[in-house]
Every structure is written in structure tokens, then in C-alpha cells.
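To start, the structure itself, in C-alpha cells.
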Amino acid sequence: MNIPRSCGVLLHPLSFGGPWPCGTLAEEARAFVDFCASAGIGWWQVLPLGPSAYGDSPYQSPSAFAGNPYLIDPRPLVERGLLSPKELESYYVDSSAGATGIDYGRLFVMNSALLDRAWRRFKAQPQLQTEFELFCSTHAGWLDDYALFAAIKETEHGHAWNTWPSALRLREPKALVRFAQERADIIGRIQFSQFLFFAQWRALREYAHTHGLKIIGDIPIFAAYDSADVWAHPELFRLDDKGTPTHVAGVPPDYFTATGQLWGNPLYNWPVHEEQGYAWWIERVRHALQLVDALRIDHFRGFEAYWAVPSGEQTAEHGRWEKGPSYRLFNALKEALGELPIIAEDLGFITPEVTELRDSLGFPGMRILQFAFEPEEDNQDYPHNYPRHCIAYTGTHDNDTAMGWLSHASEPAKRRALAYMRAKGKTFSWDLIRTVWASPAMLAVAPMQDFLGLGSEARMNFPGTTAGWWRWRMNHDSLTPTLGRKILRLSKIYFRENTRE
């Protein structure tokens with residue numbers, strides 16, 4: 001994958017400002033696209049777009065295919081007669097005094113109530129059914145299982161699928177048919193929410209393309225255990241005869257985490273994937289590439305070798321490296337889908353075998369400027385060591401913001417950073433941006449928090465923790481013409497301006 005010299009912004013759509021409990025895909029999203037066009041930004045990178053569940057992480061979604069209904073903007077539903085203006089009043093939040101973090105508990109209740117009202121009116125309008133039925137049939141390969149899974153989960157008060165009644169847990173055909181008949185309305189509402197999400201996302205992506213903005217998506221390497229994917233396809237995962245994972249995913253202890261990171265995702269049964277021609281992965285990537293222009297695959301090194309931790313361990317310390325599918329998977333993907341516009345998230349402990357796999361496939365890797373300064377020795381995250389064929393970041397969603405990093409880094413790391421960039425404390429986030437923009441990397445990206453010069457209060461996530469993150473939102477008036485001109489001026493200096501060619 002090759003990209004002309006350009007720049008991008010990392011911002012999840014849930015973080016848009018606006019009058020609703022979280023960012024959505026309509027008015028504020030289009031204003032963001034307009035801002036990117038005025039600022040010469042050519043790429044918008046998002047986090048995974050799937051529904052969130054316990055812990056609110058987009059990397060632990062109940063579906064590898066579904067969209068997040070929280071992102072549905074309710075205003076177009078008013079225009080279609082599916083909601084009344086008065087019904088939006090309870091969904092409104094006053095953002096005039098500044099950004100408020102996302103309250104996922106309130107959001108869950110209010111979003112569900114709003115979509116339920118829209119669904120009831122939608123059913124009463126026959127002229128709207130044809131497009132919905134076409135969507136359901138087109139996406140039946142994943143939508144049927146997801147809607148059934150989500151409906152059972154709702155009926156079972158949100159409990160994980162391994163606690164459901166055995167007939168539903170084990171997907172006994174008669175039990176599933178009976179449930180589908182008895183809960184047809186719930187299943188229909190869930191399908192309807194997906195119909196709305198994909199319609200709004202498709203319209204936003206088309207709007208972005210008309211303004212010269214391309215989108216980088218993000219897919220986690222592993223599926224969540226409590227997901228439609230694992231429930232519907234247990235043979236594809238390493239589970240015992242009770243449906244319990246035998247081993248789970250994580251990463252071993254390193255410089256940053258003394259006991260490693262225990263993610264808890266079930267590991268793939270790669271021999272079965274190979275027997276099936278990697279069909280599930282082909283459909284997953286095909287589906288994702290219908291939504292975005294390029295894909296960042298999280299934890300790319302896991303395709304070469306992954307850290308397998310026996311189920312029941314309290315930390316990731318006692319795992320072992322096991323070989324992944326490597327070239328076999330990507331050869332199957334290329335044969336089915338052609339050349340793959342994939343960015344390899346190659347952070348952490350990377351072996352020569354991982355580097356060889358990445359380079360032979362032609363995937364660019366990632367460089368994080370924040371990571372350069374903590375080690376005392378020269379390293380790959382210093383811009384003087386960047387190849388052209390990489391994506392360079394000031395930081396990612398897992399890092400502190402630039403200003404937050406400066407507040408919490410060790411004194412030697414601060415001195416190295418300030419000396420390397422000839423930086424000043426008050427402008428540190430822009431010094432990082434300038435340094436990444438000046439680098440040889442073909443694409444330079446900064447999180448929106450760094451453009452805004454925000455501190456640790458705006459941090460998106462802290463790896464290895466499970467609660468209290470993914471909540472940051474922009475102020476409703478953050479995207480000013482002054483900020484756009486500042487980004488454009490910098491991009492022109494370093495020849496990264498998007499010219500919409």
C-alpha cells in the first residue's frame with residue numbers, strides 16, 4: 001500500500017461535539033469533513049465502528065460486522081416522519097458550555113428508547129419497506145446471526161451467551177426458530193438499527209469523498225468472546241465442549257506492563273479457518289473495505305505469532321508464543337479481494353519474522369513519536385529513522401495526549417524530547433505535530449486532542465485498564481477557521497496538503 005505524501009487526523013465519530021449524548025454521523029460529521037477539506041487534511045482515521053459493550057471499548061464489540069447504533073443521528077429520522085421534534089427533547093444535551101464526556105449508561109437507555117419509537121412508526125409505513133428488506137437480504141450472512149444474538153441477549157437481561165439456556169447457548173435449531181418467531185419484533189428493531197447506521201455511514205463516506213477526504217478504518221485482530229461471531233461460529237475459536245475458551249489472547253510482560261496485558265479474547269482455531277479457506281476473514285475484510293478506504297489491523301504481529309494464555313490465569317505472565325497463519329491468510333485474502341490497503345499496527349515486541357511478513361506483503365507499519373524519547377538509546381520511533389513507507393503519529397488512542405505526556409514523562413525523556421525538537425513546553429503538542437509532519441513518512445497523523453493542545457483529561461484510553469475510558473468529546477466550537485488555517489499552513493510547508501486530485 002502506497003500513499004502520496006499527506007496528512008491525517010485521528011478522531012472517533014463518537015467524539016464529535018453536538019447536541020446529543022455522543023457524536024453522530026450527520027450534521028456535526030459533515031462539518032468535520034468540511035473542516036478537514038479547508039485544512040488540507042486528506043485522511044480521517046477512526047476507531048472500530050462496531051457496537052460497544054461492557055467497558056465501552058470499540059475493540060471489544062459484540063459483532064465484527066455490525067455498526068454502532070449510538071452513532072445514528074436522530075434528525076434525519078424526524079425528516080422521514082419516524083420521530084417527532086418533541087421526542088428529541090429528552091435526547092438533547094446542552095453542549096453550549098463546553099464538551100461533556102459520554103455517559104454510556106444514559107446513552108444506552110435513551111438511544112434504545114428513541115430507536116424503538118422510530119421502529120414502531122417505520123413498520124406502519126409500507127413505502128419504506130423495500131429498501132430495508134433489500135438491506136437485510138444483502139447482509140444476511142452476518143445480520144441474521146447478529147440480530148438473533150442481540151435479541152436473545154436483550155431478552156436474557158444482557159447476560160453473556162455462555163449463561164443462556166442451553167438450547168439457545170448451543171444454537172439448537174428448533175429453539176432458535178421458536179425464539180425468532182416469538183421475538184420477531186425485537187429482531188426486526190435490531191436489523192432496523194443496522195439499516196439506519198449503514199445508510200448514514202454510506203452517506204457520510206460519500207460526502208467525505210466529494211471533499212477529497214479518505215477514511216482509515218480499524219479492525220481488532222481478535223473477536224470478543226461475548227459476541228455473535230463466537231456464539232454463531234464456535235468451531236472457529238479455541239473453545240472446549242462447554243463453549244469456554246481454552247486459551248485467551250494478551251501480550252507478555254514488557255517495559256510498560258510488568259504482568260503483561262490479559263485481553264481475554266478467545267484465540268482462533270486457525271486449522272479450521274484454513275480448512276474453510278479463511279472464509280470468515282475474507283468476508284470480514286470485504287465488509288470493512290466497503291465502509292472505508294484503508295484498514296489498520298490492530299496487533300498485526302499476532303498473525304505471525306500470538307501470545308496464548310491458559311484460560312483462568314489472572315495475568316498474562318504465564319502464556320507462550322504460538323504460530324499464526326502468516327502468509328496463508330493474507331494470500332487467501334489477496335486472492336479473493338485483490339491488493340489490500342492495509343496498515344499494520346506493528347507496535348510492541350516485534351521480531352524479524354513479523355517485519356519480514358509486513359514488508360513482503362507491502363503493508364506500511366506505524367511509528368509513534370512519543371515512544372522515541374523514553375528509551376535512552378537511538379530507536380525506530382525517532383523521525384530520522386523513519387522510512388518513507390510508514391504511517392507516523394504523534395500518538396494514538398492508547399497514548400496520553402502530547403501535553404499529557406509532557407506532564408507525566410520522566411525528566412530525562414522530557415529533556416530528550418525538548419532538545420530533539422527544539423520545543424517549548426507551551427507549544428509542545430504542535431512541536432510534536434511539526435516534527436511528524438516534517439518526517440519522511442508518507443502519511444503523518446495526529447489525534448484531534450493534539451491539534452487542540454489538550455491535556456490528560458482528553459486521553460481516550462489507557463491500555464491494561466477496563467473502565468472509565470473512551471468518553472472524550474470535543475467542544476462543539478473546537479473546529480475553528482483559525483485552527484484550520486494553522487494546519488493548512490503547516491501542511492503546505494511540509495508538502496502534505498491535500499489537493500483533492
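The values are calculated or read from the model by the stated rules, or taken from the named source; none is laboratory data. Just so we're clear, the structure is a prediction, and the values are computed from it rather than from any experiment. Cβ: placed from backbone, ideal geometry, glycine included. Neighbour counts: every protein chain shown.
Quick check on my filter: what residues within the stretch 23-57 are closer than 28 Å to Glu87 by Cβ, modelled with pLDDT of 95 or more and assigned to a loop (DSSP other than H, G, I, E, B)?
Gly23, Thr24, Leu25, Leu49, Gly50, Pro51 - these are the residues of the stretch 23-57 that are closer than 28 Å to Glu87 by Cβ, modelled with pLDDT of 95 or more and assigned to a loop (DSSP other than H, G, I, E, B).
Mind telling me which of the residues Gly338, Gly277 ends up being surrounded by fewer than 20 Cβ atoms within 10 Å (Cβ to Cβ), over 22 Å from Val230 (Cα atoms) and over 21 Å from the mean Cα position of the chain (by Cα)? Talk me through it step by step, then tell me what you get.
Working: Gly277 fails: over 22 Å from Val230 (Cα atoms).
Only one candidate qualifies: Gly338.
Which condition number in (1) surrounded by 16 or more Cβ atoms within 10 Å (Cβ to Cβ); (2) within 30 Å of Asp398 (Cα to Cα) is the one that Val109 fails?
Condition (1) is where Val109 drops out.
In this structure, does Ala446 turn out to be small (Gly, Ala, Ser), in contact with a helix residue (DSSP H, G or I) (Cβ under 8 Å, 6 or more places away or on another chain) and on the phi < 0 side of the Ramachandran plot?
yes
For the stretch 151-172, check the following and say yes or no: at least one residue is outside any strand (DSSP E or B), surrounded by 20 or more Cβ atoms within 10 Å (Cβ to Cβ), of a type in the set (Val, Ile, Thr) and at pLDDT 95 or above.
Yes, the stretch 151-172 contains a residue that is outside any strand (DSSP E or B), surrounded by 20 or more Cβ atoms within 10 Å (Cβ to Cβ), of a type in the set (Val, Ile, Thr) and at pLDDT 95 or above.
Of (1) part of a loop (DSSP other than H, G, I, E, B); (2) of a type in the set (A, V, I, L, M); (3) at pLDDT 95 or above; (4) in contact with an Asp or Glu (Cβ under 8 Å, 6 or more places away or on another chain), Ala423 satisfies all except one. Which?
Condition (3) is where Ala423 drops out.
Go through the stretch 196-302 and tell me which helices (runs of 4 or more DSSP H), entirely inside it, have 2 or more residues that are closer than 18 Å to Gly67 by Cα.
In the stretch 196-302, 228-232, 279-289 are the helices (runs of 4 or more DSSP H) which contain 2 or more residues that are closer than 18 Å to Gly67 by Cα.
Where residues in the stretch 167-199 are touching a residue at least 60 places away in the same chain (Cβ under 8 Å) and of a type in the set (S, T, N, Q), which of them is farthest from Ala228 (Cα to Cα)?
If we take residues in the stretch 167-199 being touching a residue at least 60 places away in the same chain (Cβ under 8 Å) and of a type in the set (S, T, N, Q), then Ser193 is farthest from Ala228 (Cα to Cα).
Return the residues of the stretch 58-81 that are farther than 15 Å from Pro19 by Cβ and outside any loop (DSSP other than H, G, I, E, B); say none if nothing qualifies. Steps first, answer last, please.
From the stretch 58-81, those farther than 15 Å from Pro19 by Cβ are 58-69, 79-81; that's our starting set.
Residues satisfying the conditions are Pro69, Glu79.
Of all residues in the stretch 23-57, count the ones that are more than 14 Å from Pro13 (Cβ to Cβ), surrounded by fewer than 22 Cβ atoms within 10 Å (Cβ to Cβ) and not hydrophobic (A, V, I, L, M, F, W, C). I'd like the intermediate steps shown before the answer.
Applying the first criterion (more than 14 Å from Pro13 (Cβ to Cβ)) to the stretch 23-57 yields 34, 37-43, 53-57.
Of the ones still in play, those that are also surrounded by fewer than 22 Cβ atoms within 10 Å (Cβ to Cβ) are 34, 37-38, 53-57.
Still in the list and also not hydrophobic (A, V, I, L, M, F, W, C): 34, 38, 54-57.
Number satisfying all stated conditions: 6.
From Thr246, Thr210, which residue is more than 15 Å from Trp161 (Cβ to Cβ), touching a residue at least 24 places away in the same chain (Cβ under 8 Å) and β-branched (Val, Ile, Thr)?
Only one candidate qualifies: Thr246.
Write out, first by first residue and then by second, each pair whose Cβ atoms fall under 7 Å of each other, whose residues are 6+ apart or on separate chains, and whose first residue, in the stretch 79-108, is farther than 26 Å from Gln129 by Cα while the second is aliphatic (A, V, I, L, M) and modelled with pLDDT under 90.
Thr100/Val93
So, in the stretch 347-398, how many residues would count as being in a helix (DSSP H, G or I) and either among the hydrophobic types (A, V, I, L, M, F, W, C) or within 23 Å of Ala438 (Cα to Cα) (or both)?
Looking only at that region, the number is 10.
Yes/no matrix, rows are residues, columns are (1) in contact with a Pro (Cβ under 6 Å, 6 or more places away or on another chain); (2) under 25 Å from Tyr225 (Cα atoms); (3) of a type in the set (Lys, Arg); (4) exposed (fewer than 12 other Cβ atoms within 10 Å of the Cβ):
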position: Ser84; (1), (2), (3), (4): no, no, no, no
position: Arg121; (1), (2), (3), (4): no, no, yes, no
position: Glu131; (1), (2), (3), (4): no, no, no, yes
position: Trp142; (1), (2), (3), (4): no, yes, no, no
